[in-house]
Amino acid sequence: MSEVRVRFAPSPTGFLHIGSARTALFNWFFARHMGGKFFLRIEDTDKERSKQEFLEEILSSLKWLGLDWDGELVFQSKRTEFYRTQAQKLIDKGLAYPEENAIRFRVPKSGKVGFEDMLHGRIEFDLEQHGSLAEDLVIFKSDGSPTYNFAVVCDDADMGITHVIRGDDHIMNTPKQIPVYEALGLKPPIFCHIPLILGADRSRMSKRHGATAIREYLEQGFLPDAIVNYLSLLGWSPGNNEEILSREELVKKFDLSRVLKTGAVFGKDKLEWVNGQYVRKLAVPVLTDLLLPSLKKRGYAPETWDRVWLEKLVTLHHERIFMLAQFPDLAQFFFDDKIEYDQVAREEFLRDPRLKDAFLKYAQTLEGLASFDTKSVEEASRALMKALGLTGKEFIHPC
RNA sequence: GACCCCAUCGUCUAGCCUGGCCUAGGACAUCACCCUUUCACGGUGAUGACGCGGGUUCGAAUCCCGCUGGGGUCGCCA
């Protein structure tokens with residue numbers, strides 16, 4: 001088989017959505033696994049909604065996830081002449097016609113249109129009983145730009161795309177695109193419609209289900225490798241019980257034919273667990289560097305703090321962090337003396353009458369220590385604890 | 001509504017193609033216990049699923065049909 005060529009084709013009309021990222025990821029895995037090419041095409045034919053900031057956001061999110069692409073970016077907005085040439089071919093053949101300022105493609109009105117989907121097998125549509133397929137397809141809008149369904153066909157063929165891996169919300173677009181391929185005398189690619197990522201109510205994931213933009217996960221302190229790992233497990237599995245897999249292992253094991261046909265609910269609990277697994281694998285100096293931004297965001301200036309001390313602090317919390325942004329809350333007592341005490345904790349832990357003189361005694365005990373080191377502090381603490389008749393929990397929380 | 005897709009624990013999934021090894025395995029979450037002077041990490045265990053009904057077969061989670069349920073699409077948006 002010839003070289004595999006796939007593409008991810010986002011529209012710069014919003015941030016990179018977690019679902020789109022998963023589609024991009026599966027394309028990328030497939031390309032890298034097969035030793036093929038992964039291209040990026042920017043579908044910016046909607047002049048109103050396409051924004052430069054969104055394009056930058058999408059590209060930086062892809063880079064953050066480690067999804068590198070081959071070749072130059074392809075901008076649909078720069079290829080209008082190409083689409084126009086293609087449309088003219090159809091007009092010349094009598095397969096398309098101008099209507100007002102738009103151009104419509106004459107779609108076949110009877111018979112069947114079908115295709116062999118890599119995941120679903122044969123999917124077929126009966127044109128006579130399918131309402132939305134009956135109307136002639138607009139391929140050029142009256143503002144002079146091509147429509148999605150037309151530009152996609154022209155580009156996928158022109159770019160030599162061999163496999164179109166996209167969300168299954170595109171299944172109904174496929175019977176619109178296939179006749180265009182045929183009319184243009186082009187060979188359709190292999191289609192593979194993968195299920196969408198769902199929210200808790202099993203409808204396609206959107207803002208009301210929680211964070212959907214990749215950048216939000218970055219801000220909350222998720223690690224890109226963890227996101228990649230978690231996303232790869234949504235709708236796919238290596239076939240055994242392995243769950244924590246490195247990027248290299250994923251590329252090696254990824255098999256498009258093992259992708260599930262069922263939509264998967266995005267579960268933050270498990271993502272957090274996966275992220276925690278990755279956090280624990282990090283070396284302390286590396287983790288410390290990753291923690292700096294969250295500290296700065298809180299208004300602290302960690303770069304002025306003693307590095308050795310900071311790393312000790314990070315070591316102390318290493319096992320507790322599952323999202324980087326938690327750190328300032330977790331460790332605030334060590335670097336912020338202006339914090340408010342926890343009212344609930346106060347009620348829960350300070351009511352015990354046995355604690356009455358505990359603070360004073362503890363302070364005296366510590367002051368009387370010959371040397372202030374881990375061993376003697378611990379021994380003195382244990383002794384006092386025992387003398388007061390307190391358990392570890394009763395003693396540690398208040399003191 | 002029409003068309004299309006889908007259907008294993010609460011969630012992510014293994015098993016399904018190539019029926020028997022499945023009294024359905026793993027993970028997250030939950031609960032209990034262990035470890036631990038707190039929390040957390042780690043360990044052990046518990047709860048928990050083949051949507052329903054018909055077939056086919058000696059035998060079905062696995063194959064077929066129907067039903068039900070859920071989702072998606074019906075733009076000069078992409």
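Given the condition polar (S, T, N, Q), touching a helix residue (DSSP H, G or I) at 6+ places or on another chain (Cβ under 8 Å) and at pLDDT 75 or above, answer yes or no: does some residue in segment A:327-347 qualify? No, segment A:327-347 contains no residue that is polar (S, T, N, Q), touching a helix residue (DSSP H, G or I) at 6+ places or on another chain (Cβ under 8 Å) and at pLDDT 75 or above. Within segment A:27-72, work out how many residues are within 16 Å of RNA strand B (Cβ to nearest atom), in contact (Cβ under 8 Å) with a residue 60 or more places away in the chain and among the aromatic types (F, W, Y). Residues flagged as within 16 Å of RNA strand B (Cβ to nearest atom), in contact (Cβ under 8 Å) with a residue 60 or more places away in the chain and among the aromatic types (F, W, Y) within segment A:27-72 amount to 2. The residues in segment A:287-311 that are aliphatic (A, V, I, L, M), farther than 22 Å from A:G276 by Cα and assigned to a helix (DSSP H, G or I) can be counted, and the count is 1. Which one is surrounded by the most Cβ atoms within 10 Å (Cβ to Cβ), of the residues in segment A:9-23 that are aliphatic (A, V, I, L, M) and in a helix (DSSP H, G or I)? Looking at residues that are aliphatic (A, V, I, L, M) and in a helix (DSSP H, G or I), I get A:A21. Where strands (runs of 3 or more DSSP E) fall wholly inside segment A:95-195, the ranges with 1 or more residues that are away from RNA strand B (no atom under 13 Å from the Cβ) and within 22 Å of A:G263 (Cβ to Cβ) are A:163-167, A:190-194. Residues that are at pLDDT 95 or above and either part of a strand (DSSP E or B) or surrounded by 20 or more Cβ atoms within 10 Å (Cβ to Cβ) (or both) within segment A:39-66 comprise A:F39, A:L40, A:R41, A:I42, A:D44, A:I58, A:S61, A:L62, A:L65, listed in sequence order. A:G239 passes every criterion in (1) within 11 Å of RNA strand B (Cβ to nearest atom); (2) closer than 30 Å to A:G94 by Cβ; (3) part of a loop (DSSP other than H, G, I, E, B) apart from (2). Take the conditions (1) within 17 Å of the chain's Cα centre (by Cα); (2) assigned to a helix (DSSP H, G or I); A:W69 misses just one of them, which is (2).
Each row is one residue, and each column tells you yes or no for (1) modelled with pLDDT of 95 or more; (2) surrounded by fewer than 18 Cβ atoms within 10 Å (Cβ to Cβ); (3) not basic (K, R).
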residue	(1), (2), (3)
A:L25	yes, no, yes
A:F75	yes, yes, yes
A:L90	yes, no, yes
A:K93	yes, yes, no
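Annotation note: of A:V308, A:V279, the sole residue that is of a type in the set (A, V, I, L, M), surrounded by fewer than 16 Cβ atoms within 10 Å (Cβ to Cβ) and at negative phi is A:V308.
Of everything in segment A:182-196 that's under 26 Å from the mean Cα position of the chain (by Cα) and not aliphatic (A, V, I, L, M), which residue is farthest from A:A96 (Cα to Cα)? My answer is A:P195. Pairing each residue of segment A:256-273 that is touching a residue at least 40 places away in the same chain (Cβ under 8 Å) with any residue that is in a helix (DSSP H, G or I) and more than 7 Å from RNA strand B (Cβ to nearest atom), provided the two are 6+ apart or on different chains, yields C-beta distances under 6 Å for A:L256/A:F30; A:L271/A:Y230. Of the numbered criteria (1) crowded, with 22+ Cβ neighbours inside 10 Å; (2) over 16 Å from A:F82 (Cβ atoms); (3) acidic (D, E), the one A:D156 fails is (2).
Scanning segment A:72-127 for residues that are within 29 Å of A:P195 (Cα to Cα), basic (K, R) and within 35 Å of the chain's Cα centre (by Cα) yields one hit, A:R122. A:K312 passes every criterion in (1) within 16 Å of RNA strand B (Cβ to nearest atom); (2) at pLDDT below 95; (3) in contact with a helix residue (DSSP H, G or I) (Cβ under 8 Å, 6 or more places away or on another chain) apart from (3). The residues of segment A:205-215 that are surrounded by 15 or more Cβ atoms within 10 Å (Cβ to Cβ), of a type outside the set (G, A, S) and not in a loop (DSSP other than H, G, I, E, B), listed by number, are A:H209, A:I214, A:R215.
For beta carbons closer than 7 Å, sequence separation of 6+ or different chains, a first residue in segment A:91-102 that is touching a residue at least 40 places away in the same chain (Cβ under 8 Å) and a second that is charged (D, E, K, R) and more than 6 Å from RNA strand B (Cβ to nearest atom), the qualifying pairs are A:L95/A:R106; A:A96/A:R104; A:A96/A:R106. Give me the pairs: first residue in segment A:312-325 and in a helix (DSSP H, G or I), second residue within 14 Å of RNA strand B (Cβ to nearest atom) and not aliphatic (A, V, I, L, M), beta-carbon distance under 6 Å, and six or more apart or on different chains, which are they? Qualifying pairs under 6 Å: A:L313/A:F334.
The values are calculated or read from the model by the stated rules, or taken from the named source; none is laboratory data. Remember, predicted model here, so these are calculated numbers, not experimental data. Ideal geometry is used to build each Cβ from the backbone, glycine not excepted, and the neighbour counts take in all protein chains shown.
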